[in-house]
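Everything on this sheet refers to the single structure shown next.
Values in this text are rule-based calculations from the coordinates and carry no lab data. For clarity, every value in this text was computed on a predicted model and none was experimentally measured. When we count neighbours, we look across all protein chains shown, and the Cβ atoms used for this are built from the backbone with ideal geometry, even at glycine.
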Amino acid sequence: MEAKVTWNKRLSFTGTADSGFDVPLDAKEDSGGQANGFIPLELIATGLAGCTAMDVISILQKKRQAVTAFEVQVHAERADEHPRVFTRAVIEYFVTGHAVDEAAVIRAIELSSTRYCPAQAMFHQVFPIDLKYHIYDAEEGSAGVLVKSGEYTIMEKA
């Protein structure tokens, strides 16, 4: 995998990788109050969310779950002192659908966290990651009714 950033001005860059797509990067504290893109750590958190989201939705589709909406949120805590690294993260999975099976959601999260998502595997080596899920029953004309919430715990290596 190859990636690069090209300087635009001040602390504004354009990132490009093998896929060929561009991503704007900026440092908010140097942008004069108006950012022109992601700060790099936002992009890392977004990458973590995207990596596990793609796994989980793919697994749920293979399990023939009737998912109508799906979102993954990453809440990352950072150290107070520089270099202000991530110290902990909570990944929340919001699954909306018709009669979505909780066991299928838990298994999809487990497979993503222990087998398929390289971002999660890598970051789990350096800081704790808590995994939470919320399952909503889809209703006509609404965002759905919460039917189940829970946590999946990644077992520590022996």
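List VAL100, VAL126, VAL23 from most exposed to least, where exposure is judged by having the fewest other Cβ atoms within 10 Å. Don't jump to the answer; show the numbers that get you there.
Working: VAL100 23, VAL126 10, VAL23 16.
Result, fewest neighbours first: VAL126, VAL23, VAL100.
Any idea how far apart GLU139 and ARG78 come out in nm if each label point goes 7 Å out from Cα toward Cβ?
3.9
When the helix-only estimate is applied to the chain (DSSP H runs of n ≥ 4, each -39,500 (n - 2.57), divided by the residue count), what is the mean residue ellipticity at 222 nm, nearest 500 deg cm²/dmol? Please report the intermediate quantities before stating the final value.
Values: 3 runs with 40 residues, N = 158.
Helices in the chain give a 222 nm mean residue ellipticity of -8000 deg cm²/dmol.
What lysines could a cross-link reach from LYS62, if we take a straight Cα to Cα line under 29 Å and drop same-chain neighbours fewer than 8 places away?
LYS132, LYS148, LYS157
Identify which of the listed values of mean projected area of the Cα convex hull in nm² was calculated from the structure shown: [x] 9.5; [y] 10.6; [z] 12.2.
Looking at mean projected area of the Cα convex hull in nm² for this model, the match is [z].
Just for the chain, what percent of DSSP beta bridges are antiparallel, to the closest 5?
On the way: 29 of 39 bridges.
Around 75 percent of the beta bridges assigned by DSSP in the chain are antiparallel ones.
About the Cα centre of the chain, what is the dipole size in debye to 20, counting +1 per Lys and Arg Cβ and -1 per Asp and Glu Cβ, all else neutral?
Numbers: 15 positive and 22 negative charges, 73 e Å.
I would put it at about 360 debye.
Taking loop as defined by DSSP and a crowding limit of 11 other beta carbons within 10 Å, which GluC sites (Glu not before Pro) in the range 1-66 fit? It would help to have the intermediate numbers written out before the result.
On the way: sites: GLU2, GLU29, GLU42; in loops: GLU2.
Of the GluC sites (Glu not before Pro), the ones in loops of the range 1-66 whose Cβ has at most 11 other Cβ atoms within 10 Å are GLU2.
Let me check against my output: what whole-number percent is the relative contact order of the range 45-152, with C-alpha pairs under 8 Å and at least 6 apart? Don't jump to the answer; show the numbers that get you there.
Details: 195 pairs, mean separation 30.6, N = 108.
Relative contact order comes out at 28 percent.
If you find the alpha carbon centre of the range 9-71 and of the range 80-139, how far apart are they in angstrom?
16
What ³J(HN,Hα) values, in whole Hz, does the Karplus curve 6.51 cos²θ - 1.76 cosθ + 1.60 give for the range 55-61 when θ = phi - 60°, with x put for Gly and Pro?
4, 5, 5, 4, 5, 5, 5
Counting other Cβ atoms within 10 Å of each Cβ, which trypsin sites (Lys or Arg not before Pro) in the range 43-94 have at most 12 and sit in a DSSP loop?
Values: sites: LYS62, LYS63, ARG64, ARG78, ARG84, ARG88; in loops: LYS63, ARG64, ARG84.
Counting only loop positions with at most 12 other Cβ atoms within 10 Å, the trypsin sites (Lys or Arg not before Pro) in the range 43-94 are ARG64, ARG84.
Taking loop as defined by DSSP and a crowding limit of 13 other beta carbons within 10 Å, which GluC sites (Glu not before Pro) in the range 88-142 fit? The partial results should precede the final answer.
Working: sites: GLU92, GLU102, GLU110, GLU139, GLU140; in loops: GLU139, GLU140.
When the GluC sites (Glu not before Pro) of the range 88-142 are filtered for loop state and at most 13 Cβ neighbours within 10 Å, GLU139, GLU140 remain.
Give the angle, between 0 and 90 degrees and rounded to the nearest 10, that separates the Cα long axis of helix 102-111 from the longest principal axis of the Cα atoms of the chain.
For 102-111 against the chain, the angle is about 40 degrees.
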